[in-house]
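Each remark here refers to the structure printed beneath this line.
The values are calculated or read from the model by the stated rules, or taken from the named source; none is laboratory data. These numbers come from a predicted model, not from an experiment. Virtual Cβ from ideal backbone geometry, glycine too; neighbours counted across all protein chains shown.
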Amino acid sequence: MLGHRDAEISEYKTKLSGATPEQAKDKIESLEQTIRKMVGTSWAPLTRPQIANLAAKLKEIQKGRAQIMYENHLGKELAQNIFEAFREAGWSEAWLSTGSGLGEGVVVGWSSRAEAVKAALEAVAKLPVWAKDTEKEVPDLIIVGIGINVRQQ
């Protein structure tokens, strides 16, 4: 019995390159943090009432083109929910696509009207939204990007 236990301990030490359990724990936590920063965790989707509430708020904003993007598959469902709200609000020139380099959280921008979209998203879904280049006034375009979710769930 003790021989089996010693062999098992020896096998773990070999697999852990001699690391103690505490060192192994620290390494795992470090790897998890790296993954969270690079890939993120899943975004919670919006509920049906949140989509309807967001659509109501978006109806109050001057319509134009809206591009809703997502960084990776972990934000796709949330992006689809936001896209759905834009469509329900009558934004006929809204489209959904992938994006890259969106950073952490949710970004809105390229128009001063993006500030109103930011306020709507924060009010309805309590999302971490930041505004980018809202002074650029790209004619008739608002972007909403679902970036990496670094918050622990």
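Of the residues making up segment 84-100, those that are under 15 Å from GLY145 (Cα atoms) and part of a loop (DSSP other than H, G, I, E, B) are GLY99, SER100. Taken over segment 70-83, residues that are within 14 Å of GLY101 (Cα to Cα) and crowded, with 21+ Cβ neighbours inside 10 Å amount to 3.
The rows are residues; the columns are (1) out of contact with any Pro (no Cβ under 6 Å at 6 or more places or on another chain); (2) hydrophobic (A, V, I, L, M, F, W, C); (3) over 13 Å from ILE82 (Cα atoms); (4) modelled with pLDDT under 90.
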| site | (1), (2), (3), (4) |
| --- | --- |
| TRP110 | yes, yes, yes, yes |
| TRP130 | yes, yes, yes, yes |
| PRO139 | yes, no, yes, yes |
| VAL144 | yes, yes, no, no |
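Give the residue, chosen from GLU122, GLU135, GLU115, that is among the acidic types (Asp, Glu), under 19 Å from LEU58 (Cα atoms) and more than 17 Å from the chain's Cα centre (by Cα).
GLU115
Among the residues making up segment 84-98, those that are among the small types (Gly, Ala, Ser) and surrounded by fewer than 18 Cβ atoms within 10 Å (Cβ to Cβ) are GLY90, SER92, SER97. Only one of the listed residues (GLU77, GLU93) is within 22 Å of LYS136 (Cβ to Cβ) and either among the β-branched types (Val, Ile, Thr) or touching a strand residue (DSSP E or B) at 6+ places or on another chain (Cβ under 9 Å) (or both). That residue is GLU93.
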